[in-house]
Each structure stands twice: as C-alpha cells, then as structure tokens.
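Structure record follows, encoded as structure tokens.
The values are calculated or read from the model by the stated rules, or taken from the named source; none is laboratory data. This one's a predicted model, so the numbers in the text were calculated from it and none came from an experiment. Virtual Cβ from ideal backbone geometry, glycine too; neighbours counted across all protein chains shown. Ligands, DNA and RNA are excluded from the accessible area calculation, which covers all protein heavy atoms including side chains. Shrake-Rupley method; radii C 1.70, N 1.55, O 1.52, S 1.80 Å.
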Amino acid sequence: MKKRKKRAKKGEPQTITKAVTHIRLEATNPGKLTALDTLAEVYLELTQQYTTLFCTAELPNSFRAPCFLTSLSERWHRVAIQHGAGIAKSWRSNRANAYQDYLDALTEYQEQQADGTLEEGTKEPEWREWNIPTLRQPCIQANGNVIKLEEAQDSTFDYWLKFSTLDKGNPLLIPVKLADYHQEQLTDPETGKQRKINRSVTLNRQENAWWLTLTYDETVVVQTEPNAPVIGIDVGIANFVTTSDGKTYGSFNGRLRERQKRDREKRRRKAKLRKCLEKRGVPKEKLPSTSSATGQRLIRHVKQSINRAVNLCFEEHEGCQFAYEQLSVASMRYKASVMNAYMRASHLAHIPDQITWNATKRGIQATRVKSAYSSQECHVCHYADRRNRPNQQTFCCRVCGHTAHADKNASQNIASRLGDQELRACQNRQEVKALLIRRHEQWKQHVSLVVVQAPVQLDLWASSKTSTDVG
Ligand SMILES: [Zn+2]
C-alpha cells in the first residue's frame, strides 16, 4: 500500500490519500487490453511532449490550451496536459531543491576551506544540469472524464473500468476483480461500509500486464496536546534514529553493512564483465544488467529496518510530539560521508518520510525544523564548529567543554528548534550561522556575569532581577 499526504495547517485535521495498488486487469478479452496498449502509446507520446514543454519553454500549467497534434480525444488530451504539468512541476521543484543543496554544499566547502578544516582529497561540489524526464513505462493518470469506475451488478467481477479509446464513441469495458485484501483495505473498519473511492485512477503497464491503482481519502485528526513534551529526532547511519532523551533505534552498521559490502563486490564484478563483453562487440541488450536482485532485496531490507525503528520510537514515546530535521541532500551526504554516500543518502531520506507518515497516520504532531549546523552546534553554549566533533560519535564543545554522544547533542538541538521563530526565519546557512554566533555571544555575556563577577555582585544582580519582576 502506498501512501500520500496532503499538507494541512498545523493542528487541522489532515486528509491522507491512501492507495490500493496492484489490482491486475484481467485479460478475459485480450483485444480490450490491446486497445488499451494502443491508447497508452499515443498518450505516452503526448504526455512526453507536454512534459518537455513545461520543463524547458514554459511554466507548468495544467489548463494550458492544447498545442500538439494527436489522435486522442480532447478529453484525453486535457488529461495528458495535466499529467505532463504534474511531472514537470515536481521535476522543477526537485531540481530547484537540488540546486539549493548544491549552493549549501558549496558554502560548506568554502567555509571549510577558509578555516582550514577541509579534509584532504575533498573535491569542490560541482553542479551538473539535470536531464529532462523521459517517460518510459506507460502510465495513465486519468480522471473521471476519460475513465469511469462503475460497480458491476450481477457479475463475478466487482467493477467495470469504462474508458473511451481512440475509436470515438466506442467506450471499452474492462472487468476489475478485487482480491480479498483489496476489499479489506476498501472497507472502513469502524462502520464496516465500503469507502468512497476517488474518481481519479492510475493505470500502469508493467511486465506485460496492466495494473490499476485506486485511492481513497481518510481524515486524521491531530490528537497531540499543544504543550506535549517535545522529542527531538536525529537521523543517521550509525543509529537510524536518536532521540533527545538519549534512546536509539535501528542501525545501518553491523549486518546490513556487511550485506551491502557483499552486494557492492558483486556489482563491481558484473560491471567489469559488462565492459569486457562490450569491448568484444556484444550488443547492449545482451549484456548482463548491473542492477542485482540481491541489491533490490537489500534496499527493501534496509527500508523495513527503518520502518521498524521509527515505529518503535513512536510506540515508546506516547503522548509526546516530535521535531525532526528537514534534511537536504547536502546534509545527508555530509551525514553519510563514508563510502557509498549516495546509496546511503537515499536510505537516509526514507527515515524522515517514515516519521512524517507515522505521525500522520497516528494523529501525532511532528514538526520539521531546519537542520543547518544541528550536528555542529553545542547544545549548551550554541558554539557551532566542525571541530566540536573530534570523531563521528563524539561531541566535545571547544568553548564550554560540553561532551555528549554526537547524535544526542544534535537531537537536543533539534528539539529546541521547534517553535524557534528566529531560526525558522533564516533564509540560508549563512543566516543560521550568524544567529548561532549571536546566541553564543549572549551566552558568553551571561556566563561572564555569573562566573567573573564576585558573589556579592552576583547576589545584587539576582535580587535586582527579582525586584524588577515585582515592580
Ligand atoms: Zn559549548
């Protein structure tokens, strides 16, 4: 089951759209599926044209007037425009985020260069322009104007999928049979009634079969009290999750790491073989593939371990609310600075996703906060310096001497960043850094008052504070 979340304002009930996937379209009449194939081919081509247009020449616009020739009906044409606009929109925003990450990484690089903490062999980050998305697998995201899901009466099937084809005026009916677990998913456990299925459906062609995805909406109310204790979550490799109360959940090290090493070796050997065969002129389609089945299994396994870790973390913190990092690709790369950074970074990204999902489905408040310098900042005096981390596990503040497990210090920073409006208003890393420097200066002044001034004066200071409170 896939899940998607619509953004709701803090405290408001959230609507989550849940998907019922892998409903195979039965080939009772192969001619019907062939008609769908033909339609999909034309649809794919047209969607690609709009995707390219919206990624390059124009801003994505779902309601753009048709501008390409096609044999599809006007309604299908509009669906393709919407689909292309959707793809282009997320491509553009992902690209913009990646570019911001690149700028952040560059700033970080320059900072390290300036204070001489650049590790030997570190390369200056480079920006490589993204390719325009290429649609390969036929996928149709259709609304009720072109595909209708109708309940089947007096039939062994559950629904009919009625859709218009290239042959105008001759809609096709494809039977849909739901498995028991699909039926169960589509039944509201509280009322025992069938849930309302959304009008838009998705059709995917994979491995020579057509698969239908249905969706339904569910409303979840956030149950968390506004003053519930805040638990900060730090995300990492050594510990998937470290909470600000010092607990840890799951790890990439140990067994998972061993498995990944073996898998890497295997892929390296395969790549070598590929190169060798390529040189001998073996055609591309006959070369062994570089993606390995064990690799896929490993990825699934890592994701399962992450899911378990996040689940347990939520179970052990009943009645709390959570603060977690808005991880960027750059900070993930930093956290996964060892080998295979990219692969690990992709797994790391699964952790915040799981936190979001767990919070949403349980009706718990979880707030994302800025991650800049959260692992370098001292929780006590706000002094931020890479050198506060003598090694991956240890945090030891160079100014105040505060020592803690690095992940715990970070998770405590994350916890206090919830509701920190000043920090939230910062636009980039430099502004965060400037704010932390100001706070560190304030801390120093405060401490100098406490430490340097004589006890008598300290008493005066304390009582004067009290008196102003009263007055
Ligand atoms: Zn400190």
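The table that follows gives values for the structure above.
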| item | result |
| --- | --- |
| Any chance Ser200 is among the polar types (S, T, N, Q) and modelled with pLDDT under 85 | no |
| All positions within the stretch 268-311 that are part of a helix (DSSP H, G or I), open to solvent by less than 100 Å² (accessible area, probe 1.4 Å), modelled with pLDDT of 75 or more and not hydrophobic (A, V, I, L, M, F, W, C) | Lys270, Arg274, Glu278, His301, Lys303, Gln304, Ser305, Asn307, Asn311 |
| Given (1) assigned to a helix (DSSP H, G or I); (2) open to solvent by less than 40 Å² (accessible area, probe 1.4 Å), index of the condition Arg78 fails | (2) |
| Residue list for the stretch 14-66, restricted to those being touching a residue at least 60 places away in the same chain (Cβ under 8 Å), of a type in the set (D, E, K, R) and part of a helix (DSSP H, G or I) | Lys32, Asp37, Glu41 |
| Output for the stretch 376-423, where each listed residue is basic (Lys, Arg) and open to solvent by 20 Å² or more (accessible area, probe 1.4 Å) | Arg386, Arg387, Arg389, Arg398, Lys408 |
| Filter result (within 16 Å of the ligand (Cβ to nearest atom) and free of Cβ contacts under 8 Å to residues at least 60 places away in the same chain) within the stretch 347-377 | Gln376, Glu377 |
| Of the criteria (1) part of a loop (DSSP other than H, G, I, E, B); (2) open to solvent by 80 Å² or more (accessible area, probe 1.4 Å); (3) over 30 Å from Trp160 (Cα atoms), which one Gln137 fails | (3) |
| Selected residue (only one of Ala88, Ala35 is touching a strand residue (DSSP E or B) at 6+ places or on another chain (Cβ under 7 Å), of a type in the set (Gly, Ala, Ser) and within 29 Å of Ile147 (Cβ to Cβ)) | Ala35 |
| Residue check for Val230: exposed (fewer than 11 other Cβ atoms within 10 Å of the Cβ), more than 30 Å from Leu36 (Cα to Cα), in contact (Cβ under 8 Å) with a residue 24 or more places away in the chain and under 25 Å from the mean Cα position of the chain (by Cα) | no |
| Hits in the stretch 425-444 - residues which are away from the ligand (no atom under 16 Å from the Cβ), part of a helix (DSSP H, G or I) and surrounded by fewer than 17 Cβ atoms within 10 Å (Cβ to Cβ) | Gln430, Glu431, Ala434 |
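Here is a yes/no grid of residues against (1) among the aromatic types (Phe, Trp, Tyr); (2) closer than 25 Å to Ala434 by Cβ; (3) at pLDDT below 80:
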residue	(1), (2), (3)
Ala65	no, no, no
Thr70	no, no, no
Arg78	no, no, no
Asn97	no, yes, yes
Leu106	no, yes, no
Gln110	no, yes, no
Leu118	no, yes, yes
Pro125	no, yes, no
Ile132	no, no, no
